[in-house]
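Readers should treat all values here as calculations from the given coordinates under stated rules, not as data from a laboratory. Keep in mind that this is a model prediction, so the values were computed, not measured. For neighbour counting, all protein chains shown are included, and Cβ atoms are generated from backbone atoms with ideal geometry for every residue, glycine included.
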Number of protein chains: 2
Amino acid sequence: MHIELDSPLDMHLHLRDGEMLATVAPLTSHSFSGAIIMPNLVPPVTTREEVLAYKERIRTAIGEDRFEPYMTLFFKPTYTREFLESVADEITAIKLYPAGITTNSEGGVSGFDIEELRETLGAMSDLGIPLCIHGETGGFVMDREAQFVPIYEKLATAFPDLKIIMEHITTKESVDALGRFENLYATITLHHLIITLDDVAGGMLRPHLFCKPIAKRPEDREALLRVALKAHPKVMFGSDSAPHPKESKECPGCAAGVFTAPIALQVLAELFEKHGAPVENLQKFVSGNAVNIYSVTPPAKKVVLVKKECTVPERYGSVVPMYAGEKIAYSIDKVE
Amino acid sequence: MHIELDSPLDMHLHLRDGEMLATVAPLTSHSFSGAIIMPNLVPPVTTREEVLAYKERIRTAIGEDRFEPYMTLFFKPTYTREFLESVADEITAIKLYPAGITTNSEGGVSGFDIEELRETLGAMSDLGIPLCIHGETGGFVMDREAQFVPIYEKLATAFPDLKIIMEHITTKESVDALGRFENLYATITLHHLIITLDDVAGGMLRPHLFCKPIAKRPEDREALLRVALKAHPKVMFGSDSAPHPKESKECPGCAAGVFTAPIALQVLAELFEKHGAPVENLQKFVSGNAVNIYSVTPPAKKVVLVKKECTVPERYGSVVPMYAGEKIAYSIDKVE
């Protein structure tokens with residue numbers, strides 16, 4: 001039994017910089033055709049020069065792989081139309097972080113006043129630049145995403161031609177919002193299709209499964225699975241694969257992020273099979289829907305997965321992946 | 001400003017055994033007059049001989065301190081009336097763990113069939129032995145305690161003269177149950193009066209605040225605070241102080257338990273003061289209510305707390321306490 005996937009895309013990826021970039025970038029560029037690259041470096045990516053320089057560092061890290069890094073800017077409400085026009089050709093999207101909500105998001109947005117956002121979002125809408133949002137409020141950890149839905153709705157209503165991507169959604173409420181606004185889309189991670197808070201904190205506490213947004217309730221996971229498995233045309237795979245060194249995960253104050261890049265396609269294949277979803281749906285979830293939503297033309301790449309058990313490495317460099325040391329059912333046979 | 005507390009009691013305490021017992025027992029016996037000692041050793045304490053031997057090891061560990069270890073048995077539905085009569089003088093309570101629900105609870109109860117429990121619970125009721133319960137189901141981690149309330153109610157109804165202590169309650173639902181059944185009581189920990197899931201997993205993940213039951217929502221903490229601060233006559237302080245070596249907390253699968261024994265009275269004094277609750281209420285919460293509920297006569301001990309800032313040690317032996325390295329407002333001035 002084998003599965004062929006054409007030009008898989010990861011529509012939400014953290015590559016970091018420096019040594020970490022060198023470690024993790026090839027793990028994605030090997031099996032994916034492209035990825036939306038998150039801009040939350042320290043300092044964040046906010047200028048044309050920084051976009052170009054970061055893209056160059058990524059290209060160096062991935063070497064010869066056929067892979068397109070879809071670059072993003074870190075959203076600032078001070079971006080002018082003129083600035084956006086000057087950078088539009090170099091970016092695929094702009095990522096908005098509410099201030100302080102996740103790793104390296106200190107400089108994010110702290111209010112969502114439409115008038116304050118009008119110039120920037122209006123220009124993005126006109127220029128066809130999608131807005132990716134980490135949608136969480138500063139509320140109670142299990143409620144943050146659901147509490148953010150009214151903000152998504154406010155933005156979607158005020159800017160009906162702006163494509164708004166609800167990033168790494170984890171709740172039934174976000175899934176429901178997809179159906180209410182034509183211009184709302186979503187990415188879903190691998191881990192949120194698999195785990196709930198029970199896996200993070202229901203037995204032993206498992207820091208390598210700790211992420212933001214935190215994994216939610218079983219009924220939330222079911223809602224995510226439902227739209228992913230049927231390849232709802234408004235949802236895309238975005239791993240949110242987020243590498244942290246082992247010592248930043250196994251410590252008194254553990255960083256948020258699950259590292260799934262090197263195993264994502266294999267585990268997705270297993271998951272879709274387990275739930276009886278057709279391979280065409282997996283193809284749409286990991287590529288076709290994103291191609292339509294973002295109007296991108298990824299490099300041609302065929303990834304052949306075979307049902308052959310393999311053991312996930314304990315580490316990639318300093319990073320512990322999801323399923324470290326465990327067996328998974330699919331392996332990557334070849335990439336053409 | 002100073003506060004005098006007479007014969008403070010910790011009605012839910014883990015002392016472990018061996019080296020850990022030697023490290024932690026004196027930290028409680030210094031400032032408390034007595035404590036209910038949990039029986040979940042490996043193997044658990046289930047015989048008269050084991051109770052006596054464990055008590056002797058505790059006495060050795062605490063040395064000269066005036067301190068009463070109130071011993072418990074690990075509940076088994078096979079305990080006969082005859083057995084319970086033979087052991088009644090040596091124990092203060094029996095602790096029931098649903099199977100597999102927390103540290104060293106593998107041999108616990110897996111069904112709550114009243115008829116299967118009738119001989120044991122009937123005899124306990126007749127002999128005046130309170131039943132302490134870790135009340136969680138195997139459900140979703142945030143729902144487990146609320147889901148257990150109907151089991152508390154079933155037991156309280158079937159054995160109306162049995163004193164049932166809902167241990168370390170964490171939810172509004174458990175607080176509400178207190179008022180519905182005359183024979184239901186509760187212990188409340190220090191940490192559940194202070195933290196919510198936000199403190200465990202809302203920012204960085206903090207394994208030293210990870211415990212079972214897991215800290216819940218803000219409205220749950222408010223409900224606990226309400227009954228603790230007014231010293232509701234059916235609630236008692238029980239720290240559930242649970243020592244684990246640092247390496248078992250900062251690792252891929254972190255053990256559940258917060259270590260608060262050496263700072264509990266100081267932080268409770270600060271908490272009651274902060275909320276404007278009178279010292280008499282603190283006295284009842286940490287001693288008087290337990291004396292009434294358990295009909296015990298603890299050794300005389302006066303603990304004098306002064307409002308003098310001190311820094312909590314980073315470690316006690318291998319154990320990282322709550323507030324490690326942080327400042328707390330009260331210190332123990334003397335113990336008489």
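Working note: Cα gyration tensor of segment A:92-217, eigenvalues times five, square-rooted, sorted largest first, giving semi-axes of 27, 15, 12 Å. Its Cα gyration tensor gives segment B:2-335 an equivalent ellipsoid. The semi-axes, each the square root of 5 times an eigenvalue, are 28, 22, 21 Å from largest down. For B:T187, nonlocal amide neighbours, meaning residues 5 or more places apart or on other chains whose placed amide H falls under 5 Å from its own, are B:M166, B:E167, B:H168, B:I169, B:M236. The spread of Cα positions in segment B:1-159, taken along each principal axis and listed from longest to shortest, comes to 47, 39, 29 Å.
Spacing of the modelled spin labels on B:I151 and A:E64, each 7 Å from Cα toward Cβ, amounts to 6.1 nm.
Counting every other Cβ atom within 10 Å of each residue's Cβ, B:K334, A:K95, A:K301 order from fewest to most as B:K334, A:K301, A:K95. Would you mind checking the tilt of helix B:264-274 against the longest principal axis of the Cα atoms of chain B, expressed as 0 to 90 degrees and rounded to 10? So the helix axis and the longest Cα principal axis differ by about 70 degrees. Helix B:48-62 axis versus longest C-alpha principal axis of chain B: approximately 10°, rounded to the nearest ten. Projecting 7 Å from Cα along the Cα-to-Cβ direction, the label point of B:P233 sits 6.9 nm from its equivalents in the other copies, listed shortest first. For segment B:204-262 versus segment A:114-147, the spacing of their alpha-carbon centroids is 36 Å. Between identical copies, the spacing of A:V279 label points, each set 7 Å from Cα toward the C-beta atom, reads 7.8 nm from nearest to farthest.
Electrostatic bookkeeping for A:Y97 treats Lys and Arg as +1 and Asp and Glu as -1; over the other residues with beta carbon under 10 Å from its beta carbon, the sum is -2.
Run through every distinct alpha carbon pair of segment B:219-297 and return the Kirkwood hydrodynamic radius in angstroms, one decimal place. By the Kirkwood definition, the hydrodynamic radius is 14.1 Å.
Taking amide H as placed 1.01 Å from N in the peptide plane, B:A93 has its amide H under 5 Å from the amide H of B:L73, each at least 5 places away in sequence or on another chain. The C-alpha atoms of chain A define a longest principal axis, and helix A:144-158 lies at about 50 degrees to it.
The simple Förster model, with R0 at 45 Å and r as the Cβ-Cβ distance, assigns B:A22 and A:R315 a FRET efficiency of 0.80.
Available extension along the chain between A:D89 and A:K302 is 74.0 nm, counting 0.36 nm per residue and deducting the alpha carbon span.
The HN-Hα couplings worked out from phi for segment A:247-262 by the Karplus form 6.51 cos²θ - 1.76 cosθ + 1.60 (θ = phi - 60°) are 6, 8, 9, 10, 6, x, x, 8, 6, 8, x, 10, 9, 10, 3, x Hz, whole numbers, x standing for Gly and Pro.
Neighbours of B:A186 by Cβ distance under 10 Å: Lys/Arg scored +1, Asp/Glu scored -1, total 0.
Under 5 Å from the amide H of A:E106 lie the amide H atoms of A:G100, each residue being 5 or more positions distant or on a separate chain, with H modelled from the backbone and absent for Pro and chain starts. Per-residue 3J(HN,Hα) values for segment B:189-195, derived from phi via the Karplus relation 6.51 cos²θ - 1.76 cosθ + 1.60 with θ = phi - 60°, read 7, 5, 5, 6, 7, 10, 9 Hz in sequence order (x marks Gly and Pro). On the basis of the beta-carbon distance and an R0 of 41 Å, A:S331 and B:R226 show a calculated FRET efficiency of 0.15. Shortest first, B:A158 label-point distances to identical copies amount to 5.9 nm, with the label point at 7 Å from Cα along Cα→Cβ.
With Cα atoms as the point set, segment B:158-307 shows a radius of gyration and Dmax of 15.9, 47 Å. Placing unit charges on each Cβ (+1 for Lys and Arg, -1 for Asp and Glu) gives segment B:19-88 a dipole about its Cα centre, and among B:F83, B:T47, B:P26 the Cα reaching farthest toward its positive end belongs to B:F83. Altogether, the Stokes-Einstein calculation at 37 °C and 0.692 mPa s, with the Kirkwood radius of the protein assembly as shown over Cα pairs as Rh, returns a diffusion coefficient of 121 µm²/s. Averaged over the residues of peptide B:189-201, the number of Cβ atoms from other protein chains lying within 10 Å of each residue's Cβ is 3.
Pairs with C-alpha atoms separated by more than 26 Å, drawn from the list A:K55/A:K302; A:K234/A:K274; A:K172/A:K234; A:K95/A:K327, are A:K95/A:K327.
Placing +1 on the Cβ of every Lys and Arg and -1 on the Cβ of every Asp and Glu, with no other charges, gives the protein assembly as shown a dipole of roughly 180 debye about its Cα centre. Chain A residue nearest the axis that carries A onto B, by Cβ, with distance in whole Å, is A:E250, 3.
Taking every DSSP helix (H) stretch of at least 4 residues in the protein assembly as shown, weighting each as -39,500 (n - 2.57) and dividing the sum by the residue count yields a mean residue ellipticity at 222 nm of -10000 deg cm²/dmol.
What the phi angles of segment B:287-303 give under the Karplus curve with 6.51, -1.76 and 1.60, with θ = phi - 60°, is a coupling list of 7, x, 4, 5, 4, 5, 5, 8, 6, 10, 10, x, x, 5, 7, 10, 10 Hz, glycine and proline written as x.
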